[in-house]
Amino acid sequence: MLKGKRILLVISGGIAAYKSLELIRRLRERGASVRCAMTKAAEQFVTPLSVSSLSGEKVSTDIFSLTDEAEMGHIELSRDADLVVVAPATANILARMAQGLADDMATTLLLATDKPILVAPAMNVRMWLHPATQRNVEQLKQDGVAFVGPNDGEMACGEYGPGRMAEPLEIVAAIEAQFGKPLPKHLMLVQPPPAQSLKGRKVIVTSGPTHEPIDPVRYIANRSSGKQGHAIAAALAARGAEVILVTGPVSLPDPPGVKTIHVEAARDMFSACFLNLPADAAIFAAAVADWRVAVEASQKLKKTSDTPPTLRLAENPDILRAIATTDAKRRPTLVVGFAAETENVVAYAKKKLASKGCDWIVANHVGEGSDTFGGDSNRVHLVRQDGVEDWPRMSKAEVAAQLADRIAAFFSESAPVVKLTKPKISKGRS
Ligand code: PMT
């Protein structure tokens, strides 16, 4: 797969730079050639001599070096590669990339290249979760930059949480994915498989829009892509749960390890959900149409008269409310609804929590410019009876992973009410 491929590896200055040495070895043993560029800070962690010895190539460090430029100019170097990989990518280099700065050899190459870029972030957990970094990550994703990691775990600084650079073999897998069939963007984070914390639990997840037929060719729909619901199904399955995904029409592949039921209209989704009870938990991420056309035309409506036809609407069944308020024998122990709001997000979500009879609401901002419907990231609040957690903007895969971890924590505690915990950014291993 990597035989004959030319990788330009940019090493920036983080403690994880030592892992880049192994990455070079792993790439070379697969037949790739690796040229490296290092930032000044990277030279504090690994020496250009070690990098050059392992890569078998000269290392580029100085944009103003006359010898480097004479041998191969930075523009040529940036174009000569098939793929540019930044590992480790510090908060600083992500910020400079997002800004389009070119103030050293590394960032100049990154700005000058016309090849795909894959980055493996590595930084302190608080730096990773900082809104500024998340903004930069979002910007880079919009610019088409692919990400691998970061992983959760204990960090060199003693803190615990997301921010560890992906392991060299995970980066190799992500590089191979760049040359083969690309991973779907919403599942782009390559993480080590999480513990089987939901083994033995059955969870129903709804996802995507519903299509409410007007006539045989027309329907009412919305802009849901299914990315959030599918990512949740994948995250639950990765934790060992038996997942039944009931999805409206989307153009995503079925998540691996998930039983996927494809439906069109709200009433089909309603039936599929009830047919799959009992379950331990049910997560309603679908954007179900509130209304359908009262009487579906059996033939295509013709544009004949002067006045356009009037569509009379009827209310669809509320799947979330029906399952949350069903008899105790069938009701899942944990029922999680979503709330898509354009204003007063938390206040409306609290009202929805009460009116729908569910246990948690994941409230997301869907106002103008939020890009939540159809986009790759989401900013949510987890609203529960005992409090609200405000999560920073994250990729939908990260929202899914956090939610799956909260669900696992819920089931691991004996009491049915979950203690409010902050996102995993505790000091040390607690
Ligand atoms: O699919 P993506 O492009 O990734 O976008 C994700 C999303 C924005 C669709 C998702 O995160 C989300 O917010 N889903 C719920 C959207 C919605 O319909 O919200 P609502 O506030 O209108 O409905 C509240 C809850 O009731 C939802 O859990 C919904 O699934 C449920 N509902 C609504 C109507 C109905 N007839 N039956 C239901 O079960």
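Throughout, read-outs are computed from the coordinates displayed, never taken from laboratory work. These numbers come from a predicted model, not from an experiment. Cβ: placed from backbone, ideal geometry, glycine included. Neighbour counts: every protein chain shown.
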| Tally of Lys pairs whose C-alpha atoms are under 23 Å apart, taken over the range 202-412, 8 or more apart or cross-chain | 12
| If amide H atoms are built 1.01 Å from N in the plane of the peptide, which residues on other chains or at least 5 residues away come under 5 Å of the amide H of Asp254? | none
| request: With a 10 Å radius around each residue's Cβ, average the other Cβ atoms per peptide and rank 315-328, 34-47, highest first. | output: 34-47, 315-328
| task | Check cross-link reach from Lys5 to the aspartates and glutamates: straight Cα distance under 13 Å, and skip same-chain residues fewer than eight apart. | result | Glu29, Asp80, Asp82, Glu176
| said: Rounded to whole Å, give me the distance from the Cα center of the range 205-267 to that of the range 13-29. | reply: 39 Å
| Peptides ranked, highest mean first, by Cβ atoms within 10 Å: ranges 134-140, 12-18 | 12-18, 134-140
| task | Name the residues whose placed amide hydrogens come within less than 5 Å of the amide hydrogen of Val85, ignoring near sequence neighbours (fewer than 5 apart) on the same chain. | result | Leu8, Leu9, Val10, Leu118
| said: Just to confirm my numbers, what's the Cα centroid distance between the range 69-131 and the range 328-383 in Å? | reply: 37 Å
| task | Using the Karplus curve 6.51 cos²θ - 1.76 cosθ + 1.60 with θ = phi - 60°, work out ³J(HN,Hα) for each residue of the range 378-387 in order, rounded to whole Hz, and write x for Gly and Pro. | result | 8, 10, 10, 10, 8, 9, 10, 4, 9, x
| remark: Bounding extents of the chain in its principal axis frame from Cα atoms, largest first in Å, are 77, 62, 38
| query | Quick one: which of 384-390, 329-335 comes out on top by average Cβ neighbours within 10 Å, and what's the full order, highest first? | reply | 329-335, 384-390
| Using a basic spin-label model with each label point 7 Å from the Cα along Cα→Cβ, how many nm lie between Thr304 and Ala195? | 6.8 nm
